[in-house]
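Chemist: This is the structure, below, for whatever I ask next.
The values are calculated or read from the model by the stated rules, or taken from the named source; none is laboratory data. Since we're looking at a predicted model, the values are computed, not measured. Here the Cβ positions follow ideal geometry from the backbone for every residue, glycine too, while neighbour counts run over all protein chains shown. Accessible surface areas use protein heavy atoms only, side chains included; no ligands, DNA or RNA. Shrake-Rupley method; radii C 1.70, N 1.55, O 1.52, S 1.80 Å.
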Amino acid sequence: MNSGSGIQELMAAETRASQIVAEARIARGDRMKQAQTDADELIAAYRLEQQDAFDKAASASGGSGGDASAKLQAETNKNIQAMQGQFTKNAQKAVDVLLSKCCEVSLEVPTARIRSTQKLYGK
């Protein structure tokens, strides 16, 4: 009887240990969820603080940037107009250069070619 009760005690201890381990896992999961929630709150607060600082700096340095955007757009349009003017001014010159290079044919035979042909045919 003594050995039977020992086995029952071991089984009961194993069951209690399993329960303790399961409770510890659940508690660990709860602590992880709480830590994640706390971290998300801290991140949100920090993000809000940084966004406020950025907004203040942006408003102090010139507002929402509408002026800068309009100024940049005007400068870009001016540069585009200048490039289009240069294109129309130089387009015909470029075409003339390309045509002259394509149509220019040299009828002179290089001296090296003449010598190599003479050596080949023995003249």
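Chemist: Once volume of the Cα convex hull per residue in Å³ is worked out from the coordinates, which option in (1) 107; (2) 168; (3) 400 does it equal?
Modeler: This structure yields the entry labelled (3).
Chemist: Given charges of +1 on the Cβ of Lys and Arg and -1 on the Cβ of Asp and Glu, with all other atoms neutral, how large is the dipole of the range 7-123 about its Cα centre, in debye to the nearest 20? Please report the intermediate quantities before stating the final value.
Modeler: Values: 16 positive and 15 negative charges, 311 e Å.
That gives a dipole near 1500 debye.
Chemist: Between residue 37 and residue 15, what FRET efficiency follows from the Cβ-Cβ distance if R0 is 35 Å, with the result rounded to 0.05? The partial results should precede the final answer.
Modeler: Values: r = 33 Å, r/R0 = 0.95.
Using R0 = 35 Å, I get an efficiency of 0.60.
Chemist: If I model a spin label at residue 23 and residue 5 as a point 7 Å from the Cα along the Cα→Cβ vector, what separation in nanometres do I get?
Modeler: 2.6 nm
Chemist: Still on this model: Taking 0.36 nm per intervening residue step and subtracting the Cα-Cα distance, what contour gain separates residue 111 from residue 56 on full extension? Intermediate results must be reported in sequence, preceding the final value.
Modeler: Numbers: separation 55, 0.36 × 55 = 19.80 nm, distance 7.81 nm.
Extending this stretch completely gives an extra 12.0 nm.
Chemist: Something else about it: Kyte-Doolittle cut-off -1.0, length cut-off 27 Å along the helix's own axis using Cα: show which whole DSSP H helices in the chain pass. Present the calculation step by step, with values, prior to reporting the outcome.
Modeler: Details: long enough: 2-60 (86 Å, -0.53); 66-103 (54 Å, -0.45).
For the chain, where a helix must reach 27 Å along its axis and average at least -1.0, the hits are 2-60, 66-103.
Chemist: Between residue 70 and residue 30, how many nm apart are label points set 7 Å from Cα along the C-beta direction?
Modeler: Simple spin-label model gives 6.1 nm for this pair.
Chemist: At 1.4 Å probe radius, can you tell me the per residue accessible area of the chain in Å²?
Modeler: Working: 11620 Å² over 123 residues.
Per-residue accessible area for the chain comes out at 94 Å².
Chemist: Once every DSSP H run of n ≥ 4 in the chain is given -39500 (n - 2.57) and the sum is divided by its residues, what mean residue ellipticity at 222 nm do you get, rounded to the nearest 500 deg cm²/dmol? Before the final figure, lay out the partial values.
Modeler: Details: 3 runs with 108 residues, N = 123.
My calculation for the chain gives -32000 deg cm²/dmol from helical runs alone.
Chemist: Would you work out which of 32, 46, 11 lies farthest towards the positive end of the dipole of the range 1-52, given +1 charges on the beta-carbon of Lys and Arg and -1 on that of Asp and Glu, about the Cα centre?
Modeler: 11
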